[in-house]
Amino acid sequence: MTLTDDLRREYQRLFATCEVDPKRRSKVWWVAGRILPNTERYERVTATTGVPWWFVAIVHSLEASLRFDCHLH
């Protein structure tokens, strides 16, 4: 798949207009409440890898349940 300018704009539009399902809002806030206090840790990964800290945090949440005594692979 090629990321064309039109497709890039469409992805940006979708991202800018996405909303959290009200039924899941409390879960989103719970996860955010566990991620944000560790922003510095994620930023250290960003400094090494160039991957945005928030993406590292999301993957960490999905793959390691935000546990720092686990690894992502």
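The values are calculated or read from the model by the stated rules, or taken from the named source; none is laboratory data. A quick note: this is a predicted structure, and the numbers were derived from the prediction, not measured. Positions of Cβ are backbone-derived with ideal geometry, glycine not excepted, and every protein chain shown enters the neighbour counts. Each accessible area value is taken on the protein alone, full model and side chains, heavy atoms only, with ligands, DNA and RNA left out. Shrake-Rupley method; radii C 1.70, N 1.55, O 1.52, S 1.80 Å.
So here's what we get for this one:
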{"item": "Checking D69 against (1) assigned to a helix (DSSP H, G or I); (2) more than 15 Å from the chain's Cα centre (by Cα); (3) of a type outside the set (A, V, I, L, M, F, W, C), the condition it does not meet", "result": "(1)"}
{"item": "Close pairs (8 angstrom Cβ cut-off, 6 or more residues apart or separate chains): under 23 Å from S61 (Cβ atoms) in the stretch 3-27, surrounded by 10 or more Cβ atoms within 10 Å (Cβ to Cβ) anywhere", "result": "V20/V28"}
{"item": "Options K27, K23; residue that is among the basic types (K, R) and exposed (fewer than 11 other Cβ atoms within 10 Å of the Cβ)", "result": "K23"}
{"item": "Any hit, the stretch 46-56, residues being in contact with a Pro (Cβ under 9 Å, 6 or more places away or on another chain) and either at pLDDT 95 or above or surrounded by 13 or more Cβ atoms within 10 Å (Cβ to Cβ) (or both)", "result": "yes"}
{"item": "Count - residues of the stretch 57-73 that are open to solvent by less than 100 Å² (accessible area, probe 1.4 Å), without any contact (Cβ under 8 Å) to a residue 12 or more places away in the chain and over 16 Å from K27 (Cα atoms)", "result": "2"}
